[in-house]
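Before any comments, here is the structure.
The values are calculated or read from the model by the stated rules, or taken from the named source; none is laboratory data. Worth saying up front: this structure is predicted, and the values here are computed from it rather than measured. Cβ placement follows ideal geometry from the backbone for every residue including glycine, while neighbour counts extend to all protein chains displayed.
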Amino acid sequence: MAMNKIRIPHNKGTENAETIDIPLPARVVVPMAQHMGAPCEALVKPGDRVKVGQKIGDNQAFMSAPIHSGVSGTVKEISEYLPANGRPCKAVVIETDGLQEVSEEVRPPVVTDRDSFIKAVRDSGCCGLGGAGFPTHVKLAYDPKVTPVDSLVVNGAECEPYITSDYRELVENTDQVFDGIKTIQKYLDIPKVYVCIEDNKPKAIKLLEERAAKDDSVSVVKLRSTYPQGAEKVAVYSATRRIIGEGELPSHQGVLVMNVSTVSFIDGYLKNGMPLVSRRITVDGNVVKTPCNVRVPVGTPVRDLLAFADCNPVLADKILAGGPMMGACLYDVDAPICKTGNAILAFSKAKPPEQTNCIRCGRCVRACPLDLMPRAIEKAYDARDTEALKKLKVGLCMNCGSCSYVCPAKRDLAEKNQLAKELIR
């Protein structure tokens, strides 16, 4: 079996842009829902003073992770926030004081075994930094007796156009990435590791190969630079030739998949105790005069990033959080950066193309990595035929957007796939 892939322009214009810190924002808005699962409850109230690394939100539900402040300052209010997914949540609004005092809570955790390692990962507030936002401790807490895992796939493909956030992690923090790999191997007792990197990133491949040269348990897998190599199911197949079935997790096939920035963050947290309070963000697009990679506190308004990159948002027809294939359109330029953020892209001349009738060319079928039938799914969704949607296995769709990209009729096939999955749920 060979999963279908497509070729798209890479546009990695910031690959050599070293990460820099932008000036501290005047205020941050920290949503209490930044990961899959139960949103957090605010642990602070208006008037409270907070410090960097202080826990400001939590929920005792297993499928949740705490949220920490990336700034020091004063809590101004607990507001209502409407994210792009349309599910309202609370948000902690903090007015920064410019001091960036570090909280007394920040200290390296004591880790001695598997359980204490998983607890430390939860305490760090870590969630998947590749976009999905799955709480990392939940992913690590599989029962090895029920679902034995023998392979760790570290995903450094970063196949989306424009985004170079993970690439910069690989080249700027190579040792931290590798140390994170070895730590996860140690505490979860995983014998084999595959680090997947697209072949358009030769520098990153060279650095990781040099680091892994004396370790037979770690292999660097060079992926062809086709899309969507970074999708979880595709990465697992490319590295191990194992197929993740409908309704399965990678662990059901003996595989743990982690984003390279997640792996690196875990190592940093174990060494310095600083929880997940900031993100590296690629800022690019045809109305961005100074494309760059910046590190910002979680909660920083998008407006501040665009201003730093010499971009006037008024000139942009479309502003995306994430990449052009899978990113979400922002309706508010003051939307905050969340834990799962990795890019802000701003484009002019981005008006939706005019749709025409399907010409039955079959390109969407040939482009789908999972051999789905996007046009048939669209037709079944429009008819609200849930039984047909189940037979068409729309639940397998990973929202890569390949079908919409290749469609000559410019139909919203990827969008219909997601609506169809929601209809079934």
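Please specify each residue of the stretch 97-141 satisfying the condition of being polar (S, T, N, Q), touching a Ser or Thr at 6+ places or on another chain (Cβ under 7 Å) and crowded, with 20+ Cβ neighbours inside 10 Å.
T136
State which residue pairs qualify: first residue touching a residue at least 40 places away in the same chain (Cβ under 8 Å) and within 13 Å of K76 (Cβ to Cβ) and inside the stretch 41-56, second residue part of a loop (DSSP other than H, G, I, E, B) and among the β-branched types (V, I, T) in any location, beta carbons under 8 Å apart, and separation of 6 or more residues or different chains.
Once the first residue is touching a residue at least 40 places away in the same chain (Cβ under 8 Å) and within 13 Å of K76 (Cβ to Cβ) and sits in the stretch 41-56, its partners that are part of a loop (DSSP other than H, G, I, E, B) and among the β-branched types (V, I, T) give V50/V44; V50/V71.
So which residues in the stretch 266-301 are in a helix (DSSP H, G or I) and either crowded, with 24+ Cβ neighbours inside 10 Å or at positive phi (or both), if there are any at all?
The one that is in a helix (DSSP H, G or I) and either crowded, with 24+ Cβ neighbours inside 10 Å or at positive phi (or both): I266.
Find the residue count for the stretch 361-382, including only residues that are in a helix (DSSP H, G or I) and either closer than 22 Å to L423 by Cβ or among the small types (G, A, S) (or both).
Number satisfying all stated conditions: 12.
Among the residues of the stretch 308-325, is any loosely packed, with under 13 Cβ neighbours inside 10 Å and on the phi > 0 side of the Ramachandran plot?
No; the residues of the stretch 308-325 include none that is loosely packed, with under 13 Cβ neighbours inside 10 Å and on the phi > 0 side of the Ramachandran plot.
Every residue in the stretch 57-83 that is surrounded by fewer than 16 Cβ atoms within 10 Å (Cβ to Cβ), in contact (Cβ under 8 Å) with a residue 40 or more places away in the chain and within 30 Å of I118 (Cβ to Cβ), please.
F62, M63
If the Cβ limit is 6 Å and pairs must be 6+ apart or interchain, which residue in the stretch 403-422 that is charged (D, E, K, R) pairs with which residue that is assigned to a loop (DSSP other than H, G, I, E, B) and at pLDDT below 95?
Pairs found: K410/P353; K410/Q355; R411/Q355.
Could you check how many residues of the stretch 69-97 are modelled with pLDDT under 95 and part of a loop (DSSP other than H, G, I, E, B)?
The total comes to 7.
Exactly one of these conditions fails for A239: (1) in contact with a helix residue (DSSP H, G or I) (Cβ under 8 Å, 6 or more places away or on another chain); (2) closer than 24 Å to C368 by Cα. Give me its number.
(1)
So, of the residues in the stretch 383-406 that are part of a helix (DSSP H, G or I), under 16 Å from I424 (Cα atoms) and in contact with a Lys or Arg (Cβ under 7 Å, 6 or more places away or on another chain), which turns out to be modelled with the highest pLDDT? If you could, list the steps in order and put the result at the bottom.
In the first step, residues of the stretch 383-406 are kept if they are part of a helix (DSSP H, G or I); the result is 386-391, 394-396, 402-406.
Pick out the ones that are also under 16 Å from I424 (Cα atoms) and you get 386-391, 394-396.
Those left that are additionally in contact with a Lys or Arg (Cβ under 7 Å, 6 or more places away or on another chain): 394-395.
Details: V394: 95, G395: 91.
Step by step, filter the stretch 383-406, then rank; the result is V394.
Can you pull out the residues in the stretch 381-403 that are more than 19 Å from R363 (Cα to Cα) and either touching a helix residue (DSSP H, G or I) at 6+ places or on another chain (Cβ under 6 Å) or not charged (D, E, K, R) (or both)?
Hits for the stretch 381-403 are Y381, A383, T386, A388, L389, G395.
Under the condition of being touching a residue at least 24 places away in the same chain (Cβ under 8 Å) and assigned to a loop (DSSP other than H, G, I, E, B), which residue from the stretch 198-213 is farthest from N16 (Cα to Cα)?
The qualifying residue farthest from N16 (Cα to Cα) is D199.
If you go through the stretch 335-353, how many residues are part of a loop (DSSP other than H, G, I, E, B) and either modelled with pLDDT of 95 or more or not hydroxyl-bearing (S, T, Y) (or both)?
Number satisfying all stated conditions: 11.
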